[in-house]
Amino acid sequence: MKNQLSIYNTLTKKKEVFEPVNPPFVGMYVCGPTVYNDVHIGNCRTFISFDIVYRYLLYLGYKVRYVRNITDAGHLENDADDGEDKISKQAKLENVEPMEIAAKYANGFHNIMKQFNALEPSIEPLATGHIIEQISMVQKIMDQGFAYEVNGSIYFDVQKYNETNDYGILSGRKIEDLLTGQRSLDGQDDKRNSCDFALWKKASDAHIMRWDSPWGEGFPGWHLECSVMGSKYLGSPFDLHGGGMDLKFPHHECEIAQSVAGVGEELSKYWMHTNMLTINGQRMGKSVGNSLLPEELFNGDNQLMDRGYDPMVVRFFMMQTHYASTLDFSNEALQAAEKGFGKLMKGMQLLNSLPTSDASSQSAEELKAKCDAAMNDDINTPGVIANLFDGVRFINSVNDGKATITKEDLEILQKLYNDYVFDVLGLETIEAESSSDSMDDVLDIIISIRQQAKESKDYATADLIRDKLSAINISLKDEKGNVSWSYNE
Ligand code: AMP
Ligand code: ZN
């Protein structure tokens, strides 16, 4: 059953068995960041989700070529066809070259992805490295009659395309609504219809990032690079295309239209869209102004944060929610994730030293089958984690002498946890000093000293310990002499 992966295809709006065009090869494309400022943890959620998809495809034995682009030109303010290029605008603000901006934020992005233990993509193409290919795609779309030139800019003719194809196939937008909803063209706009989009824009005198083309000096439209680089490196159609769901329209809708018009093929067989990371129910976004940076999460240096968390705890927090559901950020959820992560790691440590017997109280194969089934069910990471926690309860019982395990089953469990926790979920053990394990250990010591103080009727010391812990937000709960601790709400 290893290959029965089903994914929810946002193109067909159905859960489908994943059947690559040319197995065992899989071509996977994910829209990467526009490198004009730091990625926020919302962006990271999307990239971590696809890191897990990539890892799981590798686990299933596919030979995956994973392409994730870097947008370093052509993405204009407000994702529109007018205005300044996001990168050159930032370059002016920082008083440096546009390519310095692109390099700085691409490096920052790589550094963050490394801290999250995300695998590097097989190819990470730059939009500026594929200007010739983009010009050639524009030419092909024009040759097919789906684009027109006005004053050195080339626009995609959405209405013409829709006569023979379905513009809106992915996002569900209806061309009639797009046409009636359009603002009246005021004569300043070169487009025939405002739902048309730029494939190539003439560069104004002030526009710094510019290239020669058959239509004069200009620059590519934002949507073009992904159609071009996806088909260049993965063929047409390729297997899987991903991105955040905010990219469905217009970006991905336009990618599809360009490919169908220019290449004559669908861009990708399967589409996956991640849902948004939110704060107080509101989407985290650069334009919304509620961005939390990964570094701030790691060091706690933001007013929204009670304290810092290890990147592995943040990664674990993210995968506890299915990629297609929204995930709301909160300190409480991170604390819970830290505890859960600690429990999982402690269980894994025990796997190295469990005593074995002639019989097992629980089947290790069954647990493995449940983990596989969860992942095969549209990459259900919370389901996998629930199963891994069930396994940890079993491991703890064996360790406490309340259950037994055979040598063979122990080996299966050891491999299962290594495969799933490290390879598929991409988690890593945390250095002892920052782990919640060591926090647990230290608090156990403090609690036992307080118990001793109470037993010898030294209530002043016992109260002092409780008050000092309370001052750092830790409260103690005494249930019939069994003392536990938790962070205050
Ligand atoms: P951008 O650089 O803005 O194009 O975003 C890079 C990726 O992050 C895209 O796939 C976006 O869809 C995704 N993204 C942006 N905001 C969020 C968010 N709040 N939660 C999850 N993914 C996001
Ligand atoms: Zn894209």
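The residue list 334, 180, 229 was ranked by how far each Cα lies along the charge dipole of the chain toward its positive end, using unit charges on Cβ atoms, and 334 comes out on top. For region 6-274, go through all pairs of different Cα atoms, get the mean of 1/r, take its inverse, and jot down that Kirkwood value in Å. Averaging 1/r across every pair of different Cα atoms and inverting gives 19.1 Å.
Give the accessible surface of the chain per residue, rounded to a whole number of Å², with probe radius 1.4 Å and ligands, DNA and RNA excluded. Solvent-accessible surface per residue comes out at 45 Å². For region 195-315, the convex hull drawn through the C-alpha positions has a volume of 180 cubic angstrom per residue. Heavy-atom surface analysis with a 1.4 Å probe gives region 330-489 a carbon and sulfur content of 50 percent of its accessible area.
Relative contact order for region 226-368: 18 percent, from Cα pairs under 8 Å spaced at least 6 residues apart, divided by residue count. Taking the square roots of five times each eigenvalue of the Cα gyration tensor of region 368-471, the equivalent ellipsoid has semi-axes of 39, 18, 12 Å, listed largest first. The charge dipole of the chain, taken about its Cα centre with unit charges on the Cβ of Lys, Arg, Asp and Glu (plus for the first two, minus for the last two), comes to roughly 720 debye. When only Cα pairs below 8 angstrom with a gap of at least 6 residues are kept, region 280-363 shows a relative contact order of 19 percent.
Classify region 92-154: rounded, prolate or oblate, from the alpha-carbon gyration tensor (a ≥ b ≥ c, eigenvalue square roots; a/c under 1.5 rounded; otherwise prolate if a/b is larger than b/c)? It is oblate, given that a/c is not under 1.5 and a/b is not larger than b/c.
Counting only aspartates and glutamates at least 8 places from residue 14 when in the same chain, those with an alpha carbon closer than 13 Å to its own are 377, 378. Helical runs (DSSP H, four residues minimum) scored at -39500 (n - 2.57) apiece and divided by the length of the chain put the mean residue ellipticity at 222 nm at -13000 deg cm²/dmol. Evaluated with a Cβ-only charge set (Lys, Arg +1; Asp, Glu -1), region 435-487 carries a dipole of roughly 220 debye about its Cα centre, given to the nearest 20. For the chain, relative contact order (Cα pairs under 8 Å, six or more residues apart, normalised by length) works out to 15 percent. Overall form of region 1-160: oblate. Here a/c, set by the Cα gyration tensor axes a ≥ b ≥ c, is 1.5 or more, and a/b is not larger than b/c. Just to confirm my numbers, what's the Cα centroid distance between region 230-245 and region 33-74 in Å? Cα centres, region 230-245 to region 33-74: 12 Å. Viscosity 0.692 mPa s, temperature 37 °C: give me the Stokes-Einstein translational D for region 278-424 in µm²/s, with Rh taken as the Kirkwood radius over C-alpha pairs. Calculated translational D: 195 µm²/s.
Kindly flag which residue pairs out of 63/232; 92/248; 13/232; 339/454; 232/286; 140/202 have an alpha-carbon separation exceeding 20 Å in this structure. Distance filter (> 20 Å) returns 92/248; 13/232; 339/454; 232/286. Pairwise alpha-carbon distances in the chain exceed 44 Å for 25% of all pairs. Restricting the count to DSSP beta bridges whose residues both fall in the chain, what percent are antiparallel, rounded to a multiple of 5? Of the beta bridges lying entirely in the chain, close to 55 percent run antiparallel.
Taking the 1.4 Å solvent-accessible surface of region 6-274 as the whole, the part contributed by carbon and sulfur is 48%.
Once you divide the Cα radius of gyration of region 435-487 by 2.2 N^0.38 Å, the number left is 1.08.
The values are calculated or read from the model by the stated rules, or taken from the named source; none is laboratory data. Note that this is a predicted model, so its numbers are computed, not measured. Backbone-built Cβ (ideal geometry, glycine too); neighbour counts: all protein chains shown. Just the protein is used for accessible areas: all its heavy atoms, side chains included, with ligands, DNA and RNA removed. Shrake-Rupley method; radii C 1.70, N 1.55, O 1.52, S 1.80 Å.
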